[in-house]
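What follows is calculated from the coordinates using simple rules that are stated; it is not laboratory data. Just so it is clear, the structure is predicted and the values come from calculations on it, not from any experiment. Cβ placement follows ideal geometry from the backbone for every residue including glycine, while neighbour counts extend to all protein chains displayed.
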Amino acid sequence: MSLSLVLLLSSMGLLLTGLVGIMAKKHLLRIALAFTLASTGVNILLVWTGYLAGRKAPIIDASIEEIATVAVVDPVPQALVLTSIVIGVAVSALLVVVAVLTSRELGTADVRRMRNLKW
Amino acid sequence: MNPDFLLGIASVAGVSMIIAAVRAIFVRDLLSAIILVGFVSLTASVLFFLMDAPDVAITEASIGAGISTVIFLWGRSKVREE
Amino acid sequence: MRTFIAFLLALYLVFFAAAAFESFGEPQGLGRIAEHYAAEGFEEVGAINLVTAVVVTYRGLDTLGEVSVLFTAASAVILLLSVFPLGKPANKPSSIVLLTMKVLPGPILLFGGYIIAHGHLTPGGGFPGGAVVASAALLVLLGCTQEVGFAKWLTFAESMAGFSFAMLGFWGLLKLGQFLNNSVLFLGIPGQLLSAGIIPLISAAIGVKVASELSGILVAYRCGGGKE
Amino acid sequence: MILLSALGHVLLLIGAIFLCISGLGILRMPDVWNRMHAGTKATTLGSIAFMLGLGLIRPEWLPKLLVIALFIVLTNPVSSHALARAVHGVPEEKPDNLQRDDLQEADS
């Protein structure tokens, strides 16, 4: 077991849990919660693709003695995930608002009991 | 830092994160599920820090454990069910 | 039963992803682009924190697009909640919470400003700092029952931040022929607060934009949409 | 220097013990009020001891850690207070042996 494998397995497990929750749950807020879990798993997976064991954070200060290309981890996935987290919370806010308005309109938040969805 | 030490922290954080996520999916009480998802975000920020991504760790800690939890708590208090 | 089927389906999807990862394996070194950033970024943009350098200048155009995605989501929330109002909470906070609400947002705002201003030196930048500032706004919102004073400035702050981000980009386009070129301002000595060209300015713009959008969502939750 | 470091380690141990006791209290206590008591008082003391111990081991971190400790002192009781006010409105959580309820009269 290396550190990289542990990180990969935990991100995959989180993604799996989130997908199961999205597919198997019936309550709208629980689907939104599972969506948040899955997006956290994807974020960890994306940062993992730039992780190199034994290197340092991509901040070039006095603690880095060698040339920077062999001393730091990949900054590009981290920059991607930084924006992805903030967008994820805005999207889950939108999901929650849609779930609340739907439950107010139909009287239930359970997807099995939403009968009058034909239009 | 010591690699074995890092491996231990990562194992504890990852295992507790996955247990909390599974319980968040299958627990009956919605409030417990929301708090468990906040815990998952917190451990995920620990994992980000172990992956040498301190920027992402700060963002995940302040957003995942703060604002996201508040958003879901608001949704729980406003959802109407008969 | 339903959970089991969902588990099998999700397992299939995750194995699909794992097989895709297997084809290029565990990362061995930096990619070509990342190698360029790590080798030249220090001289090219003068920033110590490479992540902020990538977010703000190298991938600044992408960040502009991502910020507009954020704007779309936030404005959808505010629009939905102003069309379908849900009513306001009636509970009145106690005096201890009210006093804390007056004292604590100052230090939290200071910390958020520190994170934004030192984005090119230490871990941080526009996105984390904006989230911290939004949590200060959340603290203010928890202690109030009616309209809050800063709510009417959020739209103005948000649009000014977006406008200044785009204008800083066009400044580089006009002066040096490249959108979001970092060298339009002096690069300075790396490691000082006033260095790294326009990175602190763009970080401040991103921070104000993220903070105003997230707190706009929270204000809409608390007070039911905007006035307009 | 070594004395300061040893004192710091002792403070770390005290903080860890207090945090452990507070976690145990949250698990074992019977109702919300007791659990909140365990989760606030012991956690505050444990966190402050932790910060002070870490600051004695690494003296260059001491100002930041003191600021964090001050922040914990400001926020932790207030959050516990807000939580208690929220629980007070829930009828099921009212204790059976409650003699008089001053907060009820103050609210109404």
- With a point put 7 Å past each Cα toward its Cβ, work out how far D:Ala86 is from C:Lys152 in nm, to one decimal. 3.1 nm
- Give a residue-ordered list of calculated ³J(HN,Hα) values for segment B:20-28 (Karplus: 6.51 cos²θ - 1.76 cosθ + 1.60, θ = phi - 60°; whole Hz; x for Gly, Pro). 5, 5, 5, 5, 5, 6, 9, 6, 6
- Let me know the mean shielding of C:167-180 by other chains, meaning the per-residue number of their Cβ atoms within 10 Å of its Cβ. 0
- Can you flag which of A:Lys26/D:Lys41; C:Lys152/C:Lys175; C:Lys209/D:Lys64; D:Lys64/D:Lys94 are past 31 Å Cα-Cα? A:Lys26/D:Lys41; C:Lys152/C:Lys175; D:Lys64/D:Lys94
- Message: Is the C-alpha gyration tensor of segment C:2-223 telling us rounded, prolate or oblate? Criteria: a/c under 1.5 is rounded; beyond that, a/b larger than b/c is prolate, otherwise oblate.
- Response: oblate
- Task: Filter the DSSP H helices in chain D by two things, a Kyte-Doolittle mean of at least 1.6 and an axial alpha-carbon span of 15 angstrom or more, and list the hits by number.
- Result: D:2-28, D:43-57
- Query: So, counting K/R as plus one and D/E as minus one, what does the shell of residues with Cβ under 10 Å around C:Ala161 add up to?
  - Reply: -1
- Message: Skipping prolines and chain starts, which residues have an amide H placed within reach, meaning under 5 Å, of the one on A:Lys56, given they are 5 or more residues away or on another chain?
- Response: A:Val72, A:Val73
- How far is helix A:28-48 tilted, in degrees, relative to the longest principal axis of the Cα atoms in chain A, given as a value from 0 to 90 rounded to the nearest 10? 10 degrees
- Item | segment D:2-87 - Debye-derived log10 I(q)/I(0), Cα point model, q = 0.11, 0.18 Å⁻¹ | -0.34, -0.77
- From the C-alpha gyration tensor of segment A:3-113, pull out the three semi-axes of the equivalent ellipsoid (sqrt of 5λ each), sorted largest to smallest, in whole Å. 39, 15, 6
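Quickly estimate the mean residue ellipticity at 222 nm for the protein assembly as shown, helices only: each DSSP H run with n ≥ 4 gives -39500 (n - 2.57), and the total goes over all residues, rounded to 500. Present the calculation step by step, with values, prior to reporting the outcome.
Details: 21 runs with 373 residues, N = 537.
Estimated from H runs of four or more residues: -23500 deg cm²/dmol.
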- Message: In whole Å, what are the extents of the protein assembly as shown along the principal axes defined by its C-alpha atoms, from largest to smallest?
- Response: 73, 71, 52
- Between helix B:30-50 and chain B: long-axis angle, C-alpha atoms, 0 to 90°, nearest 10: 20 degrees
- Listing C:Val83, C:Val210, D:Val10 by rising number of other beta-carbon atoms within 10 angstrom, fewest first, gives C:Val83, D:Val10, C:Val210
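What order do you get for C:Thr100, A:Thr36, A:Thr108, B:Thr59 when you list them from fewest to most C-beta neighbours inside 10 Å?
The order, fewest Cβ neighbours first, is A:Thr108, C:Thr100, A:Thr36, B:Thr59.
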- Of the residues D:Leu54, D:Ala69, A:Leu5, the Cα lying farthest along the dipole of the protein assembly as shown towards its positive end, which is defined by charges on the beta carbon of Lys, Arg, Asp and Glu, belongs to D:Ala69
- Apply the Karplus parameterisation 6.51 cos²θ - 1.76 cosθ + 1.60, with θ equal to phi minus 60°, to every residue of segment A:84-94 and state each ³J(HN,Hα) to the nearest whole Hz, in sequence, with x for glycine and proline. 5, 5, 5, 5, x, 6, 5, 5, 6, 4, 5
- Message: For q values of 0.14, 0.18 Å⁻¹, compute log₁₀ I(q)/I(0) with the Debye formula on a Cα-only model of segment B:3-78, without solvent.
- Response: -0.47, -0.72
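In peptide A:45-56, what is the residue-averaged number of other protein chain Cβ atoms found within 10 Å of each Cβ? Don't skip to the end; give the middle numbers.
Working: counts 2, 1, 9, 7, 5, 7, 7, 7, 6, 2, 3, 1.
The shielding value for this peptide is 5.
Tell me, C:Tyr37, C:Tyr221, C:Tyr12 in order of fewest to most beta-carbon neighbours within 10 Å?
Placing the least packed residue first, the sequence is C:Tyr12, C:Tyr221, C:Tyr37.
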- Message: Projecting each Cα onto the charge dipole of chain C (Lys/Arg +1, Asp/Glu -1 at the beta carbon, about the Cα centre), which of C:Trp153, C:Leu174, C:Leu61 comes out farthest on the positive side?
- Response: C:Trp153
- Percent relative contact order of chain C, based on C-alpha pairs within less than 8 angstrom and at least six residues apart? 29 percent
- Scalar couplings 3J(HN,Hα) for segment C:160-172 by Karplus 6.51 cos²θ - 1.76 cosθ + 1.60 (θ = phi - 60°), nearest whole Hz, x for Gly and Pro, are 5, 5, x, 4, 6, 4, 5, 5, 5, x, 5, 4, x
- Rounding to the nearest 20 debye, state how big the charge dipole of the protein assembly as shown is about its Cα centre with +1 on each Lys and Arg Cβ and -1 on each Asp and Glu Cβ. 1580 debye
- Item | Estimated FRET transfer efficiency when R0 is 56 angstrom, pair D:Met29-C:Lys175 (beta carbons, to 0.05) | 0.25
